Amino acid sequence: MLNVTAALAQAPSPVADSSQAVRNLFQQRRTGGGIFTAIGIGATGAIARGLSSGDSGGNAGGAVVSIAALGGVPAGIGISKLVRFSKTREEEIIAAHQQGKPVPNYVRRRLKAKHFAVGVE
């Protein structure tokens, strides 16, 4: 009986557990946002360098579409993630949750069991 009481005393509160899950989710999304942004910028730079080599074949419209599709889309997705899951927004949500307000729907929908696991980075 003593072991059960000790285990319950060490268990994190639901608010602390949810706060940690939100932190894990936001960190994961910021990492993904950074990767998408880097890929988009890299693709844009590679395409632009290829076009500036002098042999574009006179297809400027195709070059613009290529840059937008292969560079702009991933960069846009990455920047969007970085804004939606910023450190500032994370702190605002956690502070509100600790005061008893619910976690916003767009965050709650994305929370998975792995975000509640202890030691998830």
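The values are calculated or read from the model by the stated rules, or taken from the named source; none is laboratory data. Given the structure is predicted, the values throughout are model-derived calculations rather than measurements. Backbone-built Cβ (ideal geometry, glycine too); neighbour counts: all protein chains shown. For accessibility, only protein heavy atoms count, side chains too; no ligands or nucleic acids. Shrake-Rupley method; radii C 1.70, N 1.55, O 1.52, S 1.80 Å.
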- Message: With the requirement that a residue be assigned to a helix (DSSP H, G or I) and either β-branched (Val, Ile, Thr) or open to solvent by 50 Å² or more (accessible area, probe 1.4 Å) (or both), what does segment 103-117 give you?
- Response: 105, 106, 107, 108, 113, 114, 116
- Message: For residue 73, only one of the following conditions fails: (1) at pLDDT 95 or above; (2) touching a Gly at 6+ places or on another chain (Cβ under 9 Å); (3) among the β-branched types (Val, Ile, Thr). What is its number?
- Response: (1)
- Query: Which residues, counting only those in segment 59-102, are open to solvent by less than 80 Å² (accessible area, probe 1.4 Å), in a helix (DSSP H, G or I) and without any contact (Cβ under 8 Å) to a residue 12 or more places away in the chain?
  - Reply: 60, 61, 62, 68, 69, 91, 95, 96
- Just one listed residue, out of 5, 31, is β-branched (Val, Ile, Thr), loosely packed, with under 12 Cβ neighbours inside 10 Å and either closer than 19 Å to residue 115 by Cα or modelled with pLDDT under 70 (or both), and it is 5
